[in-house]
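Colleague: Quick one: structure below, then a few questions.
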Amino acid sequence: MTRAPAPRNDYAVSVSGSAPGPNVPQRVGRALWLPMLAMAIMAFPIGLALGVVRAGMIGSGADAQLVAATGNFGTAAMFVGFASVFAAISFAIARILGVFRTGGGAVQEAAGTAVQTLRMPSTAKAFLALMMMGMMALVAAVIGHVIVGIGLASGDLALAIGEQWAIWLEGVRRAGLATYLLAISLGLATIVVVLRFQTVRLRELPAETAG
Amino acid sequence: MSTNLTTLSRSRSIPRQGGAGLARLGVAVAVGGVMLAMVSLINGLIAGSEVAAGNDAAVPAMLAWGFGVATAAFATAKLGVAVVLWGIVGRVRARVEAMSEALPRLVTPSREDAAASSGVIRTPYGAATVSSEPPPELLIHRASRLLWAPMIAMGVMAVYGGLVLSVVQSSSMASDAVAGRALGAWVQGVQFLGEGLLLGGISFLLGTILASLRGGGADVQARLGRAVHTLRMPITAKLFIGLMALGMMVEMAQFGLYAYASTVAADPSFAALSAWLGPLREFGLGLLLSGIVLALATIARVLGFQFHRVTGLIDRAPHSNEVKS
């Protein structure tokens, strides 16, 4: 005999008879965290190798335009790595939230109670929005570095203009990385919210299952 | 009972009820980091415009302190992440206590003989050991519990010490370019060592969360008088430890190499050395961040295993997908 749960005032929840599956961001997180990590692990050594090549070019007195172009390509490769690894972290957090959602539902279902699932908290919505902003800033900076690198290597772009753009793009990269870190802190704060809800809900289950 | 007391004493320094407050504080600190990054962005936009206008003289000084501020911005945002993770550690403890209270009234009468249970089983989440008592704490979990706070403290001190150095560097750039370059090498080495220490501290905080999940899950099963199922260390956890160690070594190496570079600031080889040291220090951070991804993946796996076990304890039917090996 299951006692119907009282309406909640402390948390916004949806009530169902069975455990819900992961939502769309959580499914995306489950599918993409590993490919993103793989991309990062490939990009970082490429960025390091281009740095070593650039050092060799400086040592051998190569053309300054080519040295600057290689610097831009190296930075682009390194920040493909950072964009990917931060995406992988964000997707891994989404995956953890998915496990809480499905696992918490499964426990309630096994106990024979109504399944209460926390609605998406505001921290989770802000996490998704800021993650996309951070990703767009980093991808834009990477594209900018590649365009500047091509311009310098082909001689279409003067060295001073290339330097000017490299300084601007550095600022964009920094803002993008900090935004990504803020998004990650919001994703982790969502885990705190979910843990609080599950702690409260666990303590309610025995009373609801008692006939 | 002794295990329970041990676990409770281990958790004494952990915030039990302050998880939400720590989460808010952590997010606020991270917002502070974003604001610092915006200062660095504006500085970069002005410096770039100065280059375009041909007023190059002031640019090196602007870039010098801009670098210090940007790295401090990342460190501040990472400190925010660490504070939120500390809140999660406390919440995990509170969840274990709620399980200990609720499960005895939810779990069906035991059909397991805990004392006779031992061995290895296969579960949908990987191999798990079965024992009658909670397993001893792993060395990496003890190290994580001890080291996360000192590493974060040292990291913050190094990054902000480097920020002060970058301000000194920017004021000396015009008068003595060689001294400015030497100071710049120290700024980069010290600040990125600090960034590495911060990410190492965050990695150890994730290790502390894993330790709380493992120890707490085992204690709950033991208190119920059931066989204790503990997930064996997944491959992601082993790779996490390897990448974290490698990343820390790279960050320490780049610090030593930047210290050396500061002694050859007047030499033509300085430019070539700087050209690969920059990517090297970022490569080290990349390794640490990759390790963090794997730690988060391990947490997801361990949580999945715990929900599977709890559901199995509550369910009447035995788990058909667990195979004893």
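Bear in mind that the values in this text are calculations on the coordinates, not laboratory data. The shown structure was predicted, so the numbers you read here are calculated from the model rather than taken from an experiment. Glycine also receives a Cβ, built like all others from the backbone with ideal geometry; neighbour counts cover every protein chain displayed.
Colleague: Taking a quarter of the surface of the convex hull around the Cα atoms of the range B:103-254, what do you get in nm²?
Modeller: 11.8 nm²
Colleague: A further question follows. Excluding B:Ile140 itself, what net charge comes from residues whose Cβ is under 14 Å from its Cβ, given Lys and Arg +1 and Asp and Glu -1?
Modeller: +4
Colleague: What list of ³J(HN,Hα) values in whole Hz, one per residue of the range B:246-259 in order, does the Karplus curve 6.51 cos²θ - 1.76 cosθ + 1.60 (θ = phi - 60°) give from phi, with Gly and Pro shown as x?
Modeller: 5, x, 5, 5, 4, 5, 5, 5, 5, 5, x, 5, 5, 4
Colleague: Given A:Ala12, B:Val220, A:Gly56, which one lies farthest toward the positive end of the charge dipole of the protein assembly as shown, if we put +1 on the Cβ of every Lys and Arg and -1 on the Cβ of every Asp and Glu?
Modeller: Selected residue: B:Val220.
Colleague: Please give the direction-averaged projected area of the C-alpha convex hull for the range A:3-83, in square nanometres with one decimal.
Modeller: 9.1 nm²
Colleague: Going highest first, how would you order B:122-133, B:302-313 by mean Cβ packing within 10 Å?
Modeller: Ranked from most to least packed, the peptides come out as B:302-313, B:122-133.
Colleague: Could I have the simple spin-label model distance between B:Ala52 and B:Val31, label points 7 Å from Cα toward Cβ, reported in nm to one decimal?
Modeller: Output for this residue pair reads 3.2 nm.
Colleague: If you don't mind, there's one more thing I want to ask. Using the C-alpha atoms of the range A:14-209, what convex hull volume per residue, in cubic angstrom, is computed? Intermediate results must be reported in sequence, preceding the final value.
Modeller: Details: hull volume 20.9 nm³, N = 196.
Spread over its residues, the Cα hull of the range A:14-209 gives 107 Å³ apiece.
Colleague: Can you tell me the Rg and Dmax of the range B:172-325, counting just the alpha carbons, in angstroms?
Modeller: 23.5, 80
Colleague: Another question, if that's okay. Where Lys and Arg each count +1 and Asp and Glu each count -1, what net charge lies around A:Ala88 among other residues with Cβ under 15 Å from its Cβ?
Modeller: Overall, the nearby charge balance is +2.
Colleague: With angles folded into 0 to 90 degrees, how steeply does helix B:269-314 sit against the dominant principal axis of chain B? Use alpha carbons for both and round to 10.
Modeller: On a 0 to 90 degree scale, this one is about 20.
Colleague: Cα-based Rg (one decimal) and Dmax (whole number) for chain B, in Å?
Modeller: Expressed in Å, the Cα Rg and Dmax of chain B come to 24.8, 82.
Colleague: Specify the angular offset, from 0 to 90 degrees and rounded to the nearest 10, of the alpha carbon long axis of helix B:139-172 from the longest principal axis of the alpha carbons in chain B.
Modeller: 10 degrees
Colleague: Continuing with this model, one more query. Can you give me the relative contact order of chain B as a percent, contacts being Cα pairs under 8 Å and 6 or more apart?
Modeller: Working: 500 pairs, mean separation 73.1, N = 325.
Result for chain B is 22 percent.
Colleague: If I take all pairs of Cα atoms in the range B:135-224, what percentage of them are more than 18 Å from each other?
Modeller: Percentage above 18 Å: 59.
Colleague: Just to confirm a number: summing +1 for Lys and Arg and -1 for Asp and Glu over residues other than A:Gly21 whose beta-carbon lies under 14 angstrom from that of A:Gly21, what do you get? Don't skip to the end; give the middle numbers.
Modeller: Numbers: positive: A:Arg27, A:Arg30, A:Arg95, A:Arg101; negative: A:Glu109.
Net of charged neighbours comes to +3.
Colleague: Bin all alpha-carbon pair distances of the protein assembly as shown at 10 Å intervals from 0 and give each bin's fraction as a whole percent.
Modeller: 4, 18, 28, 22, 14, 9, 5, 1, 0
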